[in-house]
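Just below is one structure, and these are the notes that go with it.
The values are calculated or read from the model by the stated rules, or taken from the named source; none is laboratory data. It should be emphasised that the depicted structure is a prediction, and the values quoted were computed from it without experimental measurement. So basically every Cβ, Gly included, is an ideal-geometry build from the backbone, and we count neighbours across all protein chains shown. Surface areas here come from the heavy atoms of the whole protein model, side chains and all, with no ligands, DNA or RNA. Shrake-Rupley method; radii C 1.70, N 1.55, O 1.52, S 1.80 Å.
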Amino acid sequence: MAPELSAEQIRAAWDDPKLANVLYHDWEASTYDAKWSISYDDRCISYARDRFVHVAGRDGWPYAKALEIGCGTGFFLLNLRQAGVLDGGHVTDISPGMVEAAVRNADRLGAPVEGRVADAESIPYDDDTFDLVVGHAVLHHIPDVQLAIAEALRVLRPGGRFVFAGEPTRRGDYVARRLSRLTWEATTRVSQLPLLRDRWARPREELEASSRAAALEAVVDLHTFDPTQLARLAVRAGAVDVRTVTEELTASWFGWPVRTFEYAVNAQRLGWRYATFAYRGWLALSALDEKVLARVVPPELFYNVCLTGTKPTPTPDS
Ligand SMILES: C[S@@+](CC[C@H](N)C(=O)[O-])C[C@H]1O[C@@H](n2cnc3c(N)ncnc32)[C@H](O)[C@@H]1O
């Protein structure tokens, strides 16, 4: 169980999104992989690889030296490394608890990485250090996104690439949040009914701790993105060859309620059949989104936006 957040900590973080991110993600670090069904096997290796390929293709593999910002427990970089996208890895995050978790996961996989606690708005590495900078579900937490992209470009060598995936779009996030809230309210009420309580309800103290931490979610989630505006930000930060793609329409309408349900009930009741249903359902709907709906539905309605670009190479007369 994660350490509890006190009322004073929550109050202190209310006006300070960076402190809120440290507290919230330190609080989540020890349970994060379980909460988000993160693994370091074929399932998540192909998920991470497919996100990367969808926006940035396969050129340049394996990138020799890569950095992740907002690494969390290492989900994106460690799985991209296992997929053969990159070789040497460095992970950074503003939350010390997350950096520790990522370094531990890398050790467990038998291929250590260097971890540093770092704010993405001032990355503690020299100019021109990396061939690749990646991030997953991090930009929407950073107050100055353009500054963070400019920092990623600074530490990239000329011609180096950045890839940010898993960022919420404005419209996709609106729908997903409402579906999640409905699922949470319905599930927590139904699972408290006398006939179901003993087997299905999540212990009350865990639910209360989650609700307190959820109060910080409003502070840590700073942005949602319009894909065109996100691409413009990257260009203003100095990137070239900028591209965005969006993903997950029906998959997010399915995935968010499913994940919320898992979190709202006593997880021990959900066996491998449920996990298989959740994963296969998500895969099937993702394929529908990518192969059919992406041709006819406007990109800004999809849930996730991915962004890539490169650092300009100097021209002979520059
Ligand atoms: C939603 S989690 C995603 C973690 C991981 N990338 C993943 O996809 O599982 C966002 C992460 O960004 C980190 N973060 C938030 N603000 C940050 C900042 N200004 N600089 C660096 N990391 C930050 C948080 O601590 C957290 O670990």
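Here is how the numbers come out for the structure above:
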{"read-out": "Total residues in the range 278-317, condition of a type in the set (Asp, Glu) and touching a Ser or Thr at 6+ places or on another chain (Cβ under 9 Å)", "value": "2"}
{"read-out": "The range 20-70 - residue that is free of Cβ contacts under 8 Å to residues at least 24 places away in the same chain and open to solvent by less than 50 Å² (accessible area, probe 1.4 Å) and, of those, nearest to the ligand (Cβ to nearest atom)", "value": "Ser39"}
{"read-out": "Cβ-Cβ under 6 Å pairs, at least 6 apart or on other chains, the range 289-318 side in contact (Cβ under 8 Å) with a residue 60 or more places away in the chain and hydrophobic (A, V, I, L, M, F, W, C), far side open to solvent by 70 Å² or more (accessible area, probe 1.4 Å) and part of a helix (DSSP H, G or I)", "value": "Leu301/Arg171"}
{"read-out": "Filtered residue count, the range 37-60, keeping only those that are touching a Phe, Trp or Tyr at 6+ places or on another chain (Cβ under 8 Å) and hydrophobic (A, V, I, L, M, F, W, C)", "value": "3"}
{"read-out": "Complete set of residues in the range 73-88 that are open to solvent by 10 Å² or more (accessible area, probe 1.4 Å) and either under 15 Å from the mean Cα position of the chain (by Cα) or small (Gly, Ala, Ser) (or both)", "value": "Phe75, Ala83, Gly84, Gly88"}
{"read-out": "Single unsatisfied condition, Val292 versus (1) out of contact with any helix residue (DSSP H, G or I) (no Cβ under 7 Å at 6 or more places or on another chain); (2) modelled with pLDDT of 95 or more; (3) farther than 12 Å from Leu249 by Cα; (4) not in a loop (DSSP other than H, G, I, E, B)", "value": "(3)"}
{"read-out": "Condition broken by Phe130, with the remaining ones in (1) away from the ligand (no atom under 16 Å from the Cβ); (2) buried (at least 24 other Cβ atoms within 10 Å of the Cβ); (3) of a type outside the set (A, V, I, L, M) satisfied", "value": "(1)"}
{"read-out": "Residue that is surrounded by the most Cβ atoms within 10 Å (Cβ to Cβ), among those in the range 225-234 that are in contact (Cβ under 8 Å) with a residue 40 or more places away in the chain and farther than 25 Å from Val292 by Cα", "value": "Ala234"}
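Conditions tested, residue by residue: (1) assigned to a helix (DSSP H, G or I); (2) within 11 Å of the ligand (Cβ to nearest atom); (3) within 16 Å of the chain's Cα centre (by Cα).
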| residue | (1), (2), (3) |
| --- | --- |
| Arg116 | no, yes, no |
| Ala120 | no, yes, yes |
| Ala165 | no, yes, yes |
| Arg171 | yes, no, no |
| Ser180 | yes, no, no |
| Ala186 | yes, no, no |
